[in-house]
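Right, one structure below, let's go through it.
The values are calculated or read from the model by the stated rules, or taken from the named source; none is laboratory data. A quick note: this is a predicted structure, and the numbers were derived from the prediction, not measured. Cβ placement follows ideal geometry from the backbone for every residue including glycine, while neighbour counts extend to all protein chains displayed. These area figures cover heavy atoms from the full protein model, side chains too; ligands, DNA and RNA do not enter into them. Shrake-Rupley method; radii C 1.70, N 1.55, O 1.52, S 1.80 Å.
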Amino acid sequence: MNIIPRLLREIKDSQALTQRELAIKLNISLGSTNKYIHELEEKHYLTVMGNSYQLTKEGSAFLETFHVDNAVIIAAGFGSRFVPLTYETPKGLLEVFGERMIERQIKQLHDVGIFDITIMVGYLKEKFDYLIDKYDVTLIYNPEYATKNTLATLWYARHLLKNTYILSSDNWIRENIFHAYEPCAWYSGVYMKGATSEWCLSTDKKGRITDVVIGGSDSYVMYGPVYFDHDFSKRFIPFLEKYYNSPGTENLYWENVYMDNLKMLPMYIYPQPDSIVYEFENLEELRLFDTRYQNNSDNEVLEQISQIFSVPESEIVNIKCLKAGMTNKSFLFSIGEDSYIFRIPGPGSEVLINRQQEKTVYDTIAPLHLSDEIIYFNGESGYKISRFYKNSRNCDASNWEDVGACMKTLRNFHQSNLSVTHEFSLRERIHYYESLCLNPYCIRFEDYKQVRSSMNELLDFIDGLHPPKTLSHLDSVQSNFLLLPDLSIKLIDWEYAGMCDCLVDIAMFAIYSYYNEGQIQKLMELYFERPAYPKEKLRVYSYVALGGFLWALWTEYKSFCGEEFGDYSMKMYRYAKDYYKKVKQLSIS
């Protein structure tokens with residue numbers, strides 16, 4: 001690092017320091033310190049007053065070029081490794097020893113005179129609003145937080161990059177390592193003994209970072225805050241913009257941009273002593289650090305698990321976020337030797353799904369042992385705990401052997417003659433989802449009225465066929481079929497199940513698998529164990545269109561609730577239009 005501004009900074013902070021004390025603070029020899037002092041005197045940057053030093057006007061002006069302009073705190077992400085705590089609270093707002101991690105960093109910045117602070121938000125963005133009033137910070141929303149990584153977050157903050165601290169909201173820093181003046185661009189480094197999966201640093205003799213490798217051993221690693229000086233920011237922004245506008249960068253961190261171009265982006269390591277900077281990897285690490293989290297997390301979900309299994313929270317371990325479903329969030333956890341899945345309904349699902357009816361379905365199908373084993377079900381909240389099946393896998397929709405086994409399971413279920421008192425009506429559901437969407441005017445398809453009219457035709461056509469009603473799953477997607485090691489199959493997630501034409505299940509499997517017409521015909525053959533009859537084909541094609549339309553509406557509503565699913569709604573809407581045409585063609589022929 002540049003010694004001159006560091007030396008001036010130390011003298012400005014404490015004029016009474018001796019050369020020996022300065023040498024210790026700067027980690028350089030006494031001889032080197034003496035040399036730098038004389039150099040500063042020759043430049044008229046400081047004057048010697050007995051055993052102390054004082055910055056001159058010229059020295060103060062020079063040091064001012066290293067003044068920190070602002071700080072950007074990245075707080076947009078979900079924090080998947082901290083579920084279920086982060087279902088309610090963004091990771092940066094979690095408390096450590098009674099103090100929120102992001103607030104601790106804000107106060108540390110304030111202590112050194114840095115008040116221009118911007119927080120980049122995304123997930124649960126509203127939770128950060130109080131910080132505006134409490135600390136006079138600025139919030140900037142990253143609309144791509146759910147689909148892109150920190151590269152995109154920093155891109156939305158690129159206009160702020162000058163002499164700028166870049167912080168992560170979820171760091172906990174024991175002692176204040178910030179300053180009003182910084183000598184150069186740096187990345188905080190912590191020494192890790194043994195093997196590590198962190199980003200390992202190599203440096204030259206002056207401390208400049210010469211290489212970054214993901215994973216290594218006995219190495220300094222990127223850990224904690226970062227500082228961009230003006231020169232680094234000026235060089236970095238064009239690279240950042242180039243990467244952001246290139247395809248395939250969605251999962252990149254901003255550090256990937258730096259790693260690829262570090263020869264043109266001078267940055268130094270800022271080594272930290274042990275036990276100064278913390279990045280908690282998961283809830284287990286936080287529990288070890290702050291023992292309050294072992295049995296008193298103040299988290300509703302963990303408290304419920306503790307009560308249901310009659311164990312302290314500390315025995316709920318190996319918590320892992322599972323891939324979030326399109327309706328629900330879920331996580332894996334273990335108690336003793338057994339593992340379970342906890343399901344939490346997603347935003348807006350309470351107006352889409354009747355949880356009491358779902359519970360009725362689970363009770364009805366229990367004798368079939370077809371569903372996953374339900375340990376706990378709350379018909380009010382929709383919270384559900386089910387047993388986790390180790391070494392199971394989902395159906396592979398591209399593997400026809402898998403698909404054939406799942407269709408046999410589905411057919412046997414349809415032939416079980418079980419029934420419930422509630423129905424699943426495509427007409428009613430389409431009308432209901434439409435009413436949810438039309439209230440906030442969130443349907444975004446230009447030709448919606450025309451397509452809606454086509455769907456009415458299909459609904460009337462189906463009604464005229466008077467298809468029999470059977471207890472049906474209605475969310476029979478490939479990911480809801482679990483293939484177990486003993487070759488048995490479980491069909492999970494019965495939220496939408498009710499009395500309906502069972503061929504809707506075939507259509508749902510097809511559209512969720514993004515099957516084309518040839519694949520749909522193959523799917524029907526596997527289900528019927530023969531080629532589909534013309535009327536059966538008409539029914540399935542009609543349900544492909546109606547199902548696509550239904551889920552396009554569903555996605556529009558969920559988008560209004562703040563959840564996005566990429567191009568899913570476009571694909572579903574296309575099924576509605578394309579298969580309406582196919583039904584019309586088959587009817588004419």
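For the residue pair LYS162 and SER80, what label-to-label distance in nm results when each label sits 7 Å from Cα along the Cα-to-beta-carbon direction?
3.7
Quick one: if the Förster radius is 56 Å, what FRET efficiency do LEU368 and GLN585 give, using the C-beta to C-beta distance and rounding to 0.05? Spell out each step's value before the answer.
Details: r = 39 Å, r/R0 = 0.69.
Using R0 = 56 Å, I get an efficiency of 0.90.
Once you put a point 7 Å from the Cα of ARG292 and another 7 Å from the Cα of SER398, both along the Cβ direction, what distance in nm separates them?
It is 4.9 nm.
Just check the range 89-135 against the gyration tensor rule for me: Cα atoms, a ≥ b ≥ c as the square roots of the eigenvalues, rounded for a/c under 1.5, and otherwise prolate or oblate depending on whether a/b exceeds b/c. Write out the running numbers ahead of the final one.
Working: a/c = 2.15, a/b = 1.26, b/c = 1.71.
Oblate, because a/c is 1.5 or more while a/b does not exceed b/c.
I want to make sure I understand the PRE zone here: with the label point 7 angstrom from the Cα of HIS67 toward its beta carbon, which residues in the range 104-142 have backbone N atoms less than 19 Å away?
Within reach of a label on HIS67, which here means backbone N under 19 Å from a point 7 Å along Cα→Cβ, the range 104-142 contributes 109-118.
Calculate, for TYR376 and GLU285, the FRET efficiency according to 1/(1 + (r/R0)^6) with r their C-beta to C-beta distance and R0 30 Å; round to the nearest 0.05. Before the final figure, lay out each step's value.
Details: r = 28 Å, r/R0 = 0.92.
Efficiency at R0 = 30 Å is approximately 0.60.
Can you give the extra length, in nm with one decimal, that the chain gains between LEU262 and ASP578 once fully stretched, where that is 0.36 nm per residue apart less the Cα-Cα distance? Write down the numbers at each step before the final one.
On the way: separation 316, 0.36 × 316 = 113.76 nm, distance 5.01 nm.
So the chain would gain 108.7 nm between LEU262 and ASP578.
Taking every DSSP beta bridge that has both residues in the chain, what percent is antiparallel when rounded to the nearest 5? If you can, show how the numbers build up before the last one.
Details: 54 of 74 bridges.
If we restrict to bridges inside the chain, about 75 percent are antiparallel.
Say a paramagnetic label sat at a point 7 Å from the Cα of HIS466, along Cα to Cβ; which residues of the range 480-505 have their backbone N under 18 Å from it?
Under cut-off, by backbone N: 500-502.
Roughly what would the spin-label model give for ASN456 and LYS25, points 7 Å off Cα along C-beta, in nm?
If labels sit at ASN456 and LYS25, their model points lie 8.0 nm apart.
Working from Cα positions, state the angle (0 to 90°, nearest 10) between the long axis of helix 448-465 and the longest principal axis of the chain.
The angle comes out at about 40 degrees.
Grab the Cα-Cα distance for ARG235 and GLN356, subtract it from 0.36 nm times how many residues apart they are, and report the gain in nm with one decimal.
Details: separation 121, 0.36 × 121 = 43.56 nm, distance 5.85 nm.
Gain in length upon complete extension: 37.7 nm.
Tell me the carbon and sulfur percent of the accessible area for the chain, rounded to whole percent, probe radius 1.4 Å. Spell out each step's value before the answer.
Values: 13280 of 27020 Å².
Heavy-atom surface of the chain belonging to carbon and sulfur, 1.4 Å probe: 49 percent.
Set the Förster radius R0 to 30 Å, insert the Cβ-Cβ distance between GLN54 and SER275 as r into 1/(1 + (r/R0)^6), and round the FRET efficiency to 0.05. Don't jump to the answer; show the numbers that get you there.
Numbers: r = 35 Å, r/R0 = 1.17.
So the FRET efficiency works out to roughly 0.30.
Calculate how steeply helix 300-309 sits against the longest principal axis of the alpha-carbon atoms of the chain, using the helix alpha-carbon long axis, and give the answer as 0 to 90 degrees to the nearest 10.
Taking Cα atoms only, the helix is inclined about 60 degrees.
Can you compute the helix-only [θ] at 222 nm over the chain? Use -39500 (n - 2.57) per DSSP H run of at least 4 residues, normalise by all residues, nearest 500 deg cm²/dmol.
Values: 21 runs with 237 residues, N = 589.
Estimated from H runs of four or more residues: -12500 deg cm²/dmol.
May I ask you to derive the relative contact order of the range 57-143, considering only C-alpha pairs under 8 Å and at least 6 residues apart, and to give it as an integer percent?
Working: 99 pairs, mean separation 27.9, N = 87.
Taking the mean separation of contacting Cα pairs over the length of the range 57-143, I get 32 percent.
Scan around LYS329 for amide H atoms under 5 Å from its own, H built in the peptide plane at 1.01 Å from N, and keep only partners 5 or more places away or cross-chain.
HN-HN under 5 Å from LYS329: ILE344, GLY346.
Compute, for LEU167, the solvent-accessible surface of its heavy atoms (probe 1.4 Å) with the complete set of protein chains present, and express it in square angstrom to the nearest 10.
The accessible area of LEU167 comes to roughly 0 Å².
Can you give me the accessible area per residue for the chain, using a 1.4 Å probe, in Å²? Intermediate results must be reported in sequence, preceding the final value.
Values: 27020 Å² over 589 residues.
Result: 46 Å² of accessible area for each residue.
Using alpha-carbon pairs under 8 Å, 6+ residues apart, how would you state the relative contact order of the chain in percent? The partial results should precede the final answer.
Details: 986 pairs, mean separation 56.0, N = 589.
Value for the chain: 10 percent.
Would you mind checking the tilt of helix 355-365 against the longest principal axis of the Cα atoms of the chain, expressed as 0 to 90 degrees and rounded to 10?
Tilt relative to the chain: about 60 degrees.
Between ASN2 and LYS127, what length in nm is gained on full extension when 0.36 nm per residue of separation is reduced by their alpha carbon distance? Present the calculation step by step, with values, prior to reporting the outcome.
Numbers: separation 125, 0.36 × 125 = 45.00 nm, distance 3.97 nm.
Value of the extension gain: 41.0 nm.
Please report the relative contact order for the range 130-244, taking Cα pairs under 8 Å with a sequence separation of at least 6, and give it as a percent rounded to a whole number.
Values: 145 pairs, mean separation 34.9, N = 115.
About 30 percent, as a whole number.
What are the ³J(HN,Hα) values, in whole Hz, obtained from phi via the Karplus relation 6.51 cos²θ - 1.76 cosθ + 1.60 with θ = phi - 60°, for each residue of the range 280-294 in sequence order, with x given for Gly and Pro?
6, 7, 6, 5, 4, 5, 5, 4, 5, 7, 10, 5, 4, 6, 5
Starting from the residue with the highest accessible area, list THR153, THR147 in decreasing order, probe 1.4 Å. Numbers along the way, then the final one.
Working: THR153 5, THR147 85 Å².
Correct descending sequence by accessible area is THR147, THR153.
Can you give the percent of C-alpha pairs in the chain whose distance is more than 33 Å? All intermediate terms of the calculation are to be shown ahead of the outcome.
On the way: 96714 of 173166 pairs.
Counting every Cα pair in the chain, those more than 33 Å apart make up 56 percent.
Please express the shape of the range 13-99 as an equivalent ellipsoid: the semi-axes are the square roots of 5 times the eigenvalues of the C-alpha gyration tensor, given largest first in whole angstrom. Walk me through the numbers before you get to the answer.
Numbers: eigenvalues 403, 54, 27 Å².
Equivalent ellipsoid of the range 13-99: 45, 16, 12 Å, largest first.
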